[in-house]
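Colleague: If you scroll down you'll find the structure; I have some questions about it.
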Amino acid sequence: MKIKKGDQVEVRAGKDRGKRGEVLAIFPKAERVIVKGANIMKRHIRAKREGQKGERVEKEAPIHVSNVMLICKETNKPTRAGYRMEGNEKVRISKKSGKAL
């Protein structure tokens, strides 16, 4: 997977199309990512003790990695990612600008 935790991404498909946010978590086996502020779901929490109220909590749900795209730091536009060898180090690069991500 070419998307890492902490990357800025844009949602390219689904109900939150066009939203941008930071990747909070990745799930490589399921090929899914959690993006801050996108794909919000409501979770109902039952009251645990008497006198306490139940509540609805909003949290981000995972999105398939094919529905998000990296944001290039140079151009501030969505881009695909590639790899290049710089010395003995493998570096992720932006396909749009050619610069390291």
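Colleague: Considering only C-alpha atoms, what is the centroid distance from segment 32-90 to segment 1-22, in Å?
Modeller: 7 Å
Colleague: Once phi is turned into θ = phi - 60°, what whole-Hz ³J(HN,Hα) does the Karplus curve with 6.51, -1.76 and 1.60 give for every residue of segment 7-16, x standing for Gly and Pro?
Modeller: Calculated HN-Hα couplings, in order: 5, 8, 10, 10, 6, 9, 8, x, 5, 9 Hz.
Colleague: Turning to a different aspect of this structure: Can you work out the Karplus-derived ³J(HN,Hα) for every residue in segment 60-77? Use 6.51 cos²θ - 1.76 cosθ + 1.60 with θ = phi - 60°, whole Hz, and x for glycine or proline.
Modeller: Here the 3J(HN,Hα) series is 7, 9, x, 10, 5, 5, 6, 9, 10, 9, 5, 9, 6, 5, 6, 9, 6, 10 Hz.
Colleague: Taking amide H positions as placed 1.01 Å from N in the peptide plane, with prolines and chain starts having none, which residues 5 or more places from Val35, or on another chain, fall under 5 Å of its amide H?
Modeller: Long-range HN contacts for Val35: Leu24, Ile63.
Colleague: Among (1) 1.05; (2) 1.18; (3) 1.38, which one is Cα Rg over 2.2 N^0.38 Å computed from these coordinates?
Modeller: This structure yields the entry labelled (3).
Colleague: Let me ask something else. Could you work out the local net charge near Tyr83, counting Lys and Arg as +1, Asp and Glu as -1, over the other residues with Cβ closer than 11 Å to its Cβ? Can you show the working numbers first?
Modeller: Details: positive: Lys2, Arg84, Lys90, Arg92, Lys95; negative: Glu86, Glu89.
Charge balance in the 11 Å sphere: +3.
Colleague: Quick check on the exposure proxy: order His64, His44 from fewest to most C-beta atoms within 10 angstrom. Write down the numbers at each step before the final one.
Modeller: Numbers: His64 12, His44 8.
Final ranking by Cβ density, sparse to dense: His44, His64.
Colleague: OK, next. Counting other C-beta atoms within 10 Å, and keeping those with at most 14, which DSSP coil GluC sites (Glu not before Pro) do you find in segment 1-100?
Modeller: Working: sites: Glu10, Glu22, Glu31, Glu50, Glu55, Glu58, Glu60, Glu74, Glu86, Glu89; in loops: Glu31, Glu50, Glu74.
When the GluC sites (Glu not before Pro) of segment 1-100 are filtered for loop state and at most 14 Cβ neighbours within 10 Å, Glu31, Glu50, Glu74 remain.
Bear in mind that the values in this text are calculations on the coordinates, not laboratory data. On a predicted model such as this, the values are computed, not experimentally measured, just so you know. Here the Cβ is made from the backbone with ideal geometry for all residues, glycine too, and neighbour counts use every protein chain on show.
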